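*Asks:* Below are the structure tokens for one structure; questions will follow.
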């Protein structure tokens, strides 16, 4: 796949030294890019919020805020996390590169470098980005093709139950359908651009969680799982409802999924001074490294515990809303604890 003349990808160059920007502009001229320039980290973040960039070339050593911090901010932002970032720096040691990749950077070019190397890497990431965008568009279209049959299944089962009553077969269909619904909702959510300060509501977490527990009734019934919700106070938080769905649904569904048949899942909602504690506990699978579950870049053995895209979404939302998390898993008892701020900053 080659870049063609009409592509004109948008590329942001970030460096506090104008002479470095000039060198990059000269080297990149053959690619016919639409290039934007930022001479500070603050200006770069402002530009990213204004334009849709296809690639960012980022210096590391800058005053006030370095490239590591800029990279961290962008990679933790749902709208901007997929923009490929290449560090271009005189810091060329192995430890420097490892640190850069730990912050989520996509590539690293150490100075000095040849024009051919720069062009090759820029073209590679622009091509990968184009492929990724095409894939996301395909998935968006596929989502609706998958969702419509699921809706028909749900409606048909409801009509069957109303006319002939529930059976273990229709209950099994409902469980499978709800599971697919959760996967589809996570998929659609992950493909959507979001502004977390829009459509924020004041939500009573106790009432919200109770409704979601009711939603998973057939899932609980299939494993003979009881859910014990402990809370006696109104516990309001400020959050987008669609975001809270992802946190609560993934937490409850995983607690049920990995709980022993016939056991009890405990859910506690507790008011503290500036946050509301949401905690789920279940007896079942043990997570190998619970302290790392919400660390950037960490991957558990999903073959054993099965949490993938849903956990990625929850982790990202916790970063966005400054939700403090704690995961404990010992002797077959696993708990997920979220301290959700009452006021959205």
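*Asks:* Given the condition surrounded by 19 or more Cβ atoms within 10 Å (Cβ to Cβ), closer than 20 Å to residue 104 by Cα, in contact with a helix residue (DSSP H, G or I) (Cβ under 9 Å, 6 or more places away or on another chain) and touching a residue at least 60 places away in the same chain (Cβ under 8 Å), answer yes or no: does some residue in segment 19-32 qualify?
*Replies:* no
*Asks:* Can you pull out every residue in segment 218-253 that is out of contact with any strand residue (DSSP E or B) (no Cβ under 8 Å at 6 or more places or on another chain) and over 15 Å from residue 203 (Cα atoms)?
*Replies:* 218, 219, 221, 222, 224, 232, 249, 250, 253
*Asks:* While we're here: Would you kindly identify the strands (runs of 3 or more DSSP E) lying entirely within segment 235-305 that contain at least 2 residues that are outside the structural domain of residue 101 (by TED's automatic domain parsing) and at pLDDT 95 or above?
*Replies:* Correct list: 264-271, 275-283.
*Asks:* Considering segment 105-137 alone, what residues qualify as being surrounded by fewer than 17 Cβ atoms within 10 Å (Cβ to Cβ), touching a residue at least 60 places away in the same chain (Cβ under 8 Å) and either closer than 17 Å to residue 66 by Cα or touching a helix residue (DSSP H, G or I) at 6+ places or on another chain (Cβ under 9 Å) (or both)?
*Replies:* 115, 119, 123
*Asks:* May I pose another question? For the condition in a helix (DSSP H, G or I), surrounded by fewer than 18 Cβ atoms within 10 Å (Cβ to Cβ) and under 18 Å from the mean Cα position of the chain (by Cα), what is the one hit in 189, 184, 169, 147?
*Replies:* 184
*Asks:* Based on this model, can you work out whether residue 220 counts as at pLDDT below 95, over 20 Å from residue 327 (Cα atoms) and outside any loop (DSSP other than H, G, I, E, B)?
*Replies:* In short, yes.
*Asks:* Criterion first (more than 21 Å from residue 25 (Cα to Cα) and touching a residue at least 12 places away in the same chain (Cβ under 8 Å)) does residue 146 satisfy it?
*Replies:* yes
The values are calculated or read from the model by the stated rules, or taken from the named source; none is laboratory data. Predicted, not measured: the structure shown is a model, and the values here were computed from it. Using ideal geometry, Cβ is built from the backbone for each residue, glycine included, and neighbour counts are taken over all protein chains shown.
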